[in-house]
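The structure appears right after this line, and notes come after that.
The values are calculated or read from the model by the stated rules, or taken from the named source; none is laboratory data. Quantities reported herein were computed from a predicted structural model and do not represent experimental measurements. As a convention, Cβ positions derive from the backbone with ideal geometry for all residues, glycine included, and neighbour counts pool all protein chains shown. Ligands, DNA and RNA are excluded from the accessible area calculation, which covers all protein heavy atoms including side chains. Shrake-Rupley method; radii C 1.70, N 1.55, O 1.52, S 1.80 Å.
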Amino acid sequence: MRQDTSMAALAETFMAETPILDRLMRHAARERASFHVPGHHGRYLPQPLSSWLGQALKLDLTELEGLDNFHSASDCIAASEELCARHYGAHRTYYSVNGATACVMAAIKGACQAPGDRVLVMGPCHMSVWRGLVYADASPLWVASPWDASRQAFQPPSPEALEVALTQRPGVRAVFVTSPTYQGFAADVRALADVAHRHGALLLVDEAHGAHFGLDPRLPLHSVAQGADIVVQSPHKTLPCLTQAAWVHVSRPDVARAVHEALLFLHTTSPSYLLLAALDAAQAFLRSGRDIVRETLDRIEMYRGFDEREDPMRLWVPTGAESRSAELARRLEADGMFLEYWDACGALALFGFGQTERDFARFFAVYEAWRAEDDAAEHDESPMVAHLYELPADVDVRPSETERLPSRRVPLREAAGCIAKRPIAPYPPGVPAVWPGQVISRAHADVLAQMWAKGYDIVGVDTDGTIEVCDA
């Protein structure tokens, strides 16, 4: 339906703190009966789901008059996006109800001007990067991030490595980096931006886990403020927001429209207004929640020190052994607390704004008890984990062409020497150990087969233990 909003109403909307949520609540107060989608009509869902969702059903609406249109936003959605962009200092911010995955794909597609544009990808990254390369018909170049044995994690991308890579490989259209890493280590994005721009390349940053950056001096500065051209964030990961809600910030006016069009291409024409309302509330929290942020960091600081290059809202515990990580997870779960992730490298805990002193006291009591016993024991570090993420070799075949090659399935243990057809990524964190077009090494085949046999969820491995390879 065409939006017919008066100039006065528009002005009021653009002055509101939560323009989307305000409109939804106003409509819910007026509507006595629904004769439009969705099918629950704001009244009925089967139990027990209905009891859990409660009043939220009334905000799960469609593009009614006054509620704007996600695919052609000019009213409350546009106003909310503008408020978000102002906070970060971006030229434009675009909301996503298809997660940061869609934003990453749109960022790569929007940054590329023509088929075959070169995109330099630094270090381990989410598998959505490959999908973005296929979407853009781009040519990837890969730069490894060194393994840090003391942290049992990869180091964040470095400006020095980027300088060498761009000097050796001229003509790169865009550089893609992930900061912070899944474990919470932040790169020097300002220096990366300086290097990329000096070589005529755009800097794209997957900052999915850093939407809260900059809200307190003890947090790293967000990447928009550090000069990145396109920044993807997942507020649902670190801000009070609903799962699947994300946004992308674009600082370059010349690529903003292309990024937006690429993003809309990946979205449903029936976006969830609950997710849009959650994004609206999250952007308001960026202004209204600073006291909560400060109080939460004060509580965490009672138990641990802060490092300027690390996110204090997450605790990465390097163990180097699956048994050690599993024991920490077991102890926490016995007390009703669940980690974000654990594996043979370590265990990861994510803290949330507004968590109570009691929450932190319970967590750190278990953690410190485990650490005291763990430090007294002898352990053997597994040397196999670092090899799992060996640098994929540059290939002549573009990702889009790899997609078109015929394929066959082979058992994972027998895949050495074959060319991968799909990304093979332990999940979480969704970082591919093998990329499409890469020749699978014997080490990769063996380690991945062992992980799969132990019950790891590995995207790209079927239930029968086979993977898809190029039949060429």
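Would you kindly derive the ³J(HN,Hα) couplings of segment 276-293 from the backbone phi angles with the Karplus curve 6.51 cos²θ - 1.76 cosθ + 1.60 (θ = phi - 60°), listing them in order in whole Hz, with x for Gly and Pro?
5, 5, 5, 5, 4, 5, 5, 5, 5, 4, 4, 9, 8, x, 5, 5, 5, 4
Could you compute the FRET efficiency for GLU301 and ARG190, with r as their C-beta to C-beta distance and R0 at 35 Å, rounded to 0.05?
Efficiency, rounded to the nearest 0.05: 0.90.
In terms of modelled amide H atoms, which long-range or inter-chain residues lie less than 5 Å from the amide H of LEU202?
So LEU202 has HN proximity to ALA174, VAL175.
Is it possible to state the helix-based mean residue ellipticity at 222 nm for the chain, with each DSSP H run of 4+ residues giving -39500 (n - 2.57), the sum divided by total residues, to the nearest 500 deg cm²/dmol? What is it?
Value at 222 nm, helices only, nearest 500: -11500 deg cm²/dmol.
From largest accessible area down, sort LYS454, LYS109; use a 1.4 Å probe on the protein chains.
Result, largest first: LYS454, LYS109.
Positive end of the charge dipole of the chain (Lys, Arg +1 and Asp, Glu -1 on Cβ, about the Cα centre): tell me which of ALA56, TYR88, PRO426 has its Cα farthest that way.
ALA56
Report relative contact order for the chain in percent, whole number only (criteria: Cα-Cα under 8 Å, sequence separation at least 6).
Dividing the mean separation by the residue count of the chain yields 15 percent.
Report the calculated FRET efficiency for ARG290 and LEU53 (r = Cβ-Cβ distance, R0 = 22 Å), to the nearest 0.05.
After rounding to 0.05, the efficiency reads 0.15.
Taking H placed 1.01 Å from N in the peptide plane, check which residues at least 5 places from ASP68 or on another chain put their amide H under 5 Å from its amide H.
CYS76
Between VAL459 and GLU401, how many nm apart are label points set 7 Å from Cα along the C-beta direction?
2.6 nm
Whole number in Å², please: accessible area per residue of segment 54-160, 1.4 Å probe, ligands, DNA and RNA not counted.
Per residue, segment 54-160 has an accessible area of 33 Å².
Translational diffusion coefficient of segment 431-472 at 37 °C, 0.692 mPa s, Stokes-Einstein with Kirkwood Rh over Cα pairs, in µm²/s as a whole number.
My calculation gives 298 µm²/s for D.
Using the Cα centre of the chain as the reference point, and only Cβ charges (+1 on K/R, -1 on D/E), how large is the resulting charge dipole? Debye, rounded to the nearest 20.
That gives the chain a dipole magnitude of about 980 debye.
So what is the relative contact order for segment 241-383, in percent, with contacts set as C-alpha pairs under 8 Å and at least six apart?
Result for segment 241-383 is 22 percent.
Compute the long axis of helix 189-198 from its Cα atoms, compare it with the longest principal axis of the Cα atoms of the chain, and write down the angle in degrees, 0 to 90, nearest 10.
The two axes meet at around 80 degrees.
Once phi is turned into ³J(HN,Hα) by the Karplus curve 6.51 cos²θ - 1.76 cosθ + 1.60 with θ = phi - 60°, what whole-Hz value does each residue of segment 99-116 show in order, with x for glycine and proline?
x, 5, 4, 5, 5, 4, 4, 5, 4, 5, 4, x, 6, 7, 9, 8, x, x
Rounded to a whole number, what % of the accessible area of segment 230-270 do carbon and sulfur atoms account for, probe 1.4 Å?
Ligands and nucleic acids excluded, carbon and sulfur reach 53 percent.
Measure off, as a whole percent, the carbon and sulfur share of the 1.4 Å-probe accessible area of segment 111-161, all protein chains present.
C and S fraction of accessible area: 54 percent.
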